[in-house]
Amino acid sequence: MANPLVSLRSPVPLIVAGIGIAILVIAVVTLPPRPAAPDPAQTPTLDDSEVLALVAHEMRSADAAARVFSDGQVRFQDGSWYISIGPAHFHLSNRNRIVVADDPPAIQLQYRSGP
């Protein structure tokens, strides 16, 4: 019968296995984490002109809608679109795209029926 490389009563196989497992655990813990996928709600999905079109669609008069296109300034921050038309401010979220008037000049602009 062939002699085994190491005696079955020897602690060497357990020590080698323990060292191997310890090195594996250290390698797994110290690896850099995978970068997280960006949140779709935090990345802009519309063009500035599309945002202005959404806001203009909510205006009650053609003059107000034309003013949105001519004077509207758009910015995207923290998952929401912010639109300024002179003193009037609107916002809409990237997720639900509901236009909200933020101040009295915005309400006046939105519901104004004539020039």
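Computed from the coordinates by the stated procedures, all read-outs in this text should not be read as laboratory data. None of the values given here were measured: they were computed from a predicted structure. Here Cβ is always computed from backbone atoms with ideal geometry, including for glycine, and neighbour counts include all displayed protein chains.
Numbers at a glance
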| read-out | value |
| --- | --- |
| Simple Cβ-charge dipole of the chain, Lys/Arg +1 and Asp/Glu -1, about Cα centre, in debye nearest 20 | 620 |
| Residue-span extension gain [S61 to I23] - 0.36 nm each, minus C-alpha spacing | 6.6 nm |
| Under-5 Å amide H pairs with M59, H placed in peptide plane, nonlocal only | none |
| Packing-based order for 16-22, 97-103, 31-37, 50-56, using average beta carbon neighbours within 10 Å, highest first | 50-56, 97-103, 16-22, 31-37 |
| Span-rule helices in the chain, defined as complete DSSP H runs reaching 15 Å or more along the axis (Cα) with Kyte mean at least 0.5 | 12-30 |
| Max mean-square fluctuation residue, GNM over the chain, Cα-Cα springs under 10 Å, options V68, V28, V12 | V12 |
| Additional length obtainable on full extension of the chain from L14 to A53, 0.36 nm per residue less Cα span | 7.0 nm |
| Sum of -39500 (n - 2.57) over DSSP H runs of 4+, divided by residues of the chain (222 nm, nearest 500) | -12500 deg cm²/dmol |
